[in-house]
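Bear in mind that the values in this text are calculations on the coordinates, not laboratory data. Only a predicted model underlies this, so the values are computations on that prediction, with no experimental measurement involved. Cβ sites come from the backbone with ideal geometry, for glycine too, and all protein chains shown count toward neighbours.
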Amino acid sequence: MVKRIQYDLNAAWDDPTERPANRRDASRAATHVPIKLAVRHAANARRMVGAAIADNLSTRGMYCRSKHTLTPGQPIEIYISLKEYPSEMGLPRSLTGSGHVVWVKPDGEKVLGAAVRFDEGFADDIHLAIFVEYLDSLAQATTPPPRHIYTPAPGSASDFPSKQHS
């Protein structure tokens, strides 16, 4: 006799590829991920590739810092190397996609910060969703608990230096 497991087909479940109704509700990884951006400038039809840092990455877009001259509405190509991440995750060696610059602001000397919205093909990539979820779990695991958890009560033995002198 085969035992059948019943699933509630109407139960809510967390699908990392489903887009939230509000893009601000998308899972975000607040971490510094080195990426490469490729842009084309109106004055120069050549494709320019340069390094950037994604500081806030989600499945819908990112905030990044770059020395590229970026303008709102400008299409860009994004390359994220995954060579340094665990191969057990089953991710490809890199992620490549496209997006558009939403807004820019100065972020230091000769650096622009830019909000980028990913184009549909990249935003729907299951590998991107898995990568963002992984980065988010890393960020949560490395965030120390609130300070009050470690703070000893005033006058307790743990207020004293742990090193004993004879």
**Prompt:** How large is ³J(HN,Hα) for each residue in the range 97-105, as worked out from phi by the Karplus curve 6.51 cos²θ - 1.76 cosθ + 1.60 (θ = phi - 60°), to whole Hz, x for Gly and Pro?
**Reply:** x, 10, x, 10, 6, 8, 8, 9, 8
**Prompt:** How large is ³J(HN,Hα), in whole Hz, for each residue of the range 76-88 in order, when computed from phi with the Karplus curve 6.51 cos²θ - 1.76 cosθ + 1.60 and θ = phi - 60°, using x for Gly and Pro?
**Reply:** 9, 10, 10, 10, 10, 7, 10, 4, 8, 9, x, 6, 4
**Message:** Give the residue list of GluC sites (Glu not before Pro) in the range 63-139 that are DSSP loop and have at most 15 other beta-carbon atoms within 10 angstrom.
**Reply:** Glu84, Glu109
**Request:** Name the residues whose placed amide hydrogens come within less than 5 Å of the amide hydrogen of Val102, ignoring near sequence neighbours (fewer than 5 apart) on the same chain.
**Result:** Gly73, Ala115, Val116, Arg117
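Quick check: convex hull over the Cα atoms of the range 55-132, volume per residue in Å³, rounded to an integer?
Numbers: hull volume 6.8 nm³, N = 78.
That works out to 87 Å³ per residue.
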